[in-house]
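> Take this structure, written in structure tokens, and hold onto it; I'll ask about it next.
The values are calculated or read from the model by the stated rules, or taken from the named source; none is laboratory data. Here the structure is a predicted model, which means the values were calculated and not measured. Positions of Cβ are generated from backbone atoms using ideal geometry, with glycine treated the same way; all protein chains shown enter the neighbour counts.
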């Protein structure tokens, strides 16, 4: 049965008109998205911005085809449910998964759309219109209800920050008493990875390129901070572990740091790669993996159950989500420019007219 609130036929959105500098993000009036029988429409309250958005804007990902509405970190209220949507979602505050799978395969039914059997689930804001808009339409299996009373601003960024870090921690099997290095620790995912690992009882060695980020990283839970503008941090890890090196690395930088991450590991250690800030490639020597029994694990996004757990951690206050700035939707270009500057800690969010 279709259920809906009053939804206008047009809405404000910010569209990626071409690849380039922040000025390619153009505010426009566009048609409000339609929805099929298995879809919901969300009235967007907030949409987060992360480095992935900047790379998409710059043309780093071959599947992105302008014009498109960016944005994969969404919170808001459901205002329309299609005829085949289970009851109980209308008016609910929700967030969304980062990716949209088919909803029918084994991976999707297990709440793991990143492992959709189609081989390539759609990424919100890259492959289909996302949350830089007043409304967004997604399949109902993509939404995750928020805990009662959760702040919508914080909820918008949990999926990409704390949720991604949670999934990476589980993939790496990191546990209390181990030592784990976090590269790119002063970025949005990095800060929340540090918080989550510290909350779990892991000894955290945070890596940053900027000296001024050291106090903040200690504040969010890092046991020690390695300043490495050149991304040569393995020697610092050995020094701080008495030569034992680390049990694991959460590598958010990606291609430019992967080999250094491997050098920072003890024999039998594991690297979980959850970011690639410049979209580049690198070369790894198989002999290094073989002789030292090192593991490299990829991770894309949280499962539905993990995202729900991350939301509970944030909603309860056990882990405080860092939102460092709020911009009106129409000022998305200015928000991107701030992110480009490197001055931002945590995440910034876009707010629709109802929330500013």
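> Kindly list the number of the only condition in (1) in a loop (DSSP other than H, G, I, E, B); (2) more than 23 Å from the chain's Cα centre (by Cα); (3) under 22 Å from residue 50 (Cβ atoms) that fails for residue 222.
Of (1) in a loop (DSSP other than H, G, I, E, B); (2) more than 23 Å from the chain's Cα centre (by Cα); (3) under 22 Å from residue 50 (Cβ atoms), only one is false for residue 222: (2).
> Right, here's the next one. If I ask for residues that are touching a helix residue (DSSP H, G or I) at 6+ places or on another chain (Cβ under 6 Å) and either exposed (fewer than 15 other Cβ atoms within 10 Å of the Cβ) or part of a loop (DSSP other than H, G, I, E, B) (or both), which ones from region 91-108 would you list?
Residues satisfying the conditions are 97, 98, 101, 102, 103.
> From the residues in region 19-38 that are in contact with a strand residue (DSSP E or B) (Cβ under 9 Å, 6 or more places away or on another chain) and under 29 Å from residue 274 (Cα atoms), which one is surrounded by the fewest Cβ atoms within 10 Å (Cβ to Cβ)?
Here the answer is 24.
> Something else: What are the residue pairs meeting all of these: first residue in region 101-113, first residue in contact (Cβ under 8 Å) with a residue 60 or more places away in the chain, second residue exposed (fewer than 15 other Cβ atoms within 10 Å of the Cβ) and assigned to a helix (DSSP H, G or I), Cβ atoms under 7 Å, and 6 or more apart or on different chains?
Partner pairs satisfying both residue conditions: 111/305.
> For region 124-213, list the strands (runs of 3 or more DSSP E) that sit wholly inside it and hold at least 1 residues that are buried (at least 24 other Cβ atoms within 10 Å of the Cβ) and in contact with a helix residue (DSSP H, G or I) (Cβ under 6 Å, 6 or more places away or on another chain); which are they?
By residue number, 179-182, 203-208.
> Is it fair to say residue 75 is under 27 Å from residue 323 (Cα atoms) and within 17 Å of the chain's Cα centre (by Cα)?
Judged against the criteria, residue 75 is a match.
> Does region 53-76 hold any residues that are surrounded by fewer than 24 Cβ atoms within 10 Å (Cβ to Cβ) and in contact with a helix residue (DSSP H, G or I) (Cβ under 9 Å, 6 or more places away or on another chain), and which are they?
Across region 53-76, the qualifying residues are 54, 60, 61, 64, 66, 68.
> Here's something else I'd like to know. Do we have residue 14 as buried (at least 18 other Cβ atoms within 10 Å of the Cβ) and under 20 Å from residue 335 (Cβ atoms) here?
On the way: buried (at least 18 other Cβ atoms within 10 Å of the Cβ): yes; under 20 Å from residue 335 (Cβ atoms): yes.
Against the criterion (buried (at least 18 other Cβ atoms within 10 Å of the Cβ) and under 20 Å from residue 335 (Cβ atoms)), residue 14 qualifies.
> Looking at 254, 279, 325, which is the one that is touching a helix residue (DSSP H, G or I) at 6+ places or on another chain (Cβ under 6 Å) and surrounded by 13 or more Cβ atoms within 10 Å (Cβ to Cβ)?
One residue alone meets the criteria, 279.
> Could you say which residue among 88, 111, 76, 34 is assigned to a loop (DSSP other than H, G, I, E, B), within 22 Å of residue 161 (Cβ to Cβ) and outside the structural domain of residue 171 (by TED's automatic domain parsing)?
111 is the lone residue from the list that is assigned to a loop (DSSP other than H, G, I, E, B), within 22 Å of residue 161 (Cβ to Cβ) and outside the structural domain of residue 171 (by TED's automatic domain parsing).
> Out of the residues in region 334-354 that are more than 24 Å from residue 184 (Cβ to Cβ) and surrounded by 18 or more Cβ atoms within 10 Å (Cβ to Cβ), which is modelled with the highest pLDDT?
351
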